[in-house]
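Structure record follows, encoded as structure tokens.
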Amino acid sequence: MTREEKAVVIEDLFQKFSENNHFYITDASGMSVADTNALRRLCFDKGVEYKVFKNTLIQKALERMDTDYTPFNDAVLKGFSGIMFSAEDANAPAKLIKEFRKKSDKKETPVLKGASIDTDLFIGDDTLDTLSKLKSKAELIGEIIGLLQSPAKNVISGLQGAGGKLAGILKTLSEREN
């Protein structure tokens, strides 16, 4: 690969990192061609982009970012590296990895080496469970709307209930006097 080709790849990677707030760096070494193709197919079906890059190119693209990704240099950018990009859901790649592991013969691959979720860094495969439990933006918005609606519903039902009681009391009092 010539310097010009490397520069183009680094620029493309930089653009991908800039456009996607969520990306996971994985190690799929030791997987068969069939398993790798199955992983790529699952990624495509789930709307997650998966590509393999050299660690030095990833490192150079991350150096151009505003966020400090130096913790990735020692622990994450070693060996085989594939990147999963997810534009919308931060937990989609984590759920995808867990789903793939359940279906696969090798229950430990692909290995999560590191992830960046809205510039927060997660390093190591032990963070996979935590990442898979993150809520998506749509789920968080739904919860907030539900929480905001709850007090209003309580007030309305209280007024309706109290109004009914008050009307009943007035009716009973008016019937007593007659």
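Every number in this text was worked out from the coordinates using simple rules, so none of it is lab data. The shown structure was predicted, so the numbers you read here are calculated from the model rather than taken from an experiment.
Using only alpha carbon positions, build the gyration tensor of segment 81-157, then give the equivalent ellipsoid semi-axes as the square roots of 5 times its eigenvalues, largest first, whole angstrom.
34, 14, 10
Looking at the chain as a GNM with Cα springs under 10 Å, which of Phe122, Phe44, Phe17 has the largest mean-square fluctuation?
Phe44
Report, by chain and number, residues whose modeled amide H sits under 5 Å from the one on Lys113, excluding near sequence neighbours (fewer than 5 apart, same chain).
Under 5 Å from the amide H of Lys113 lie the amide H atoms of Ile25, Thr26, Asp27, each far enough along the sequence or on another chain.
How far, in nm, would the chain grow between Lys103 and Val33 when pulled straight, counting 0.36 nm per residue and subtracting the alpha carbon separation?
My answer for the length gained is 23.7 nm.
Roughly speaking, what is the stretch gain from Phe44 to Asp66, that is 0.36 nm per residue apart minus the C-alpha to C-alpha distance, in nm to one decimal?
Details: separation 22, 0.36 × 22 = 7.92 nm, distance 2.88 nm.
Full extension of this stretch gives 5.0 nm more.
If I take every Cα pair under 8 Å that is 6 or more residues apart in the chain, average their sequence separation and divide by the length, what percent do I get for the relative contact order?
In percent, rounded to a whole number, it is 27.
Suppose the chain between Glu4 and Asp118 were pulled fully straight at 0.36 nm per residue; how much longer would it get relative to their current alpha carbon spacing?
38.0 nm
Roughly what angle does helix 92-103 make with the longest principal axis of the chain, taking Cα atoms, 0 to 90 degrees, to the nearest 10?
Approximately 70 degrees, to the nearest ten.
What are the ³J(HN,Hα) couplings of segment 74-84, residue after residue, when phi is run through the Karplus curve with 6.51, -1.76, 1.60 and θ = phi - 60°? Round to Hz, x for glycine and proline.
7, 8, 9, 8, 10, x, 6, 10, x, 10, 9
For segment 3-134, with equal point scatterers placed on the C-alpha atoms only and solvent neglected, what are the log10 I(q)/I(0) values from the Debye formula at q = 0.17, 0.19 1/Å, to two decimals?
Treating every Cα as an identical point scatterer, log10 I(q)/I(0) equals -0.85, -1.08.
Just Gln15, Gln59, Gln149 to compare: in a GNM of the chain, with alpha carbon springs under 10 Å, which one fluctuates most?
Largest GNM mean-square fluctuation: Gln149.
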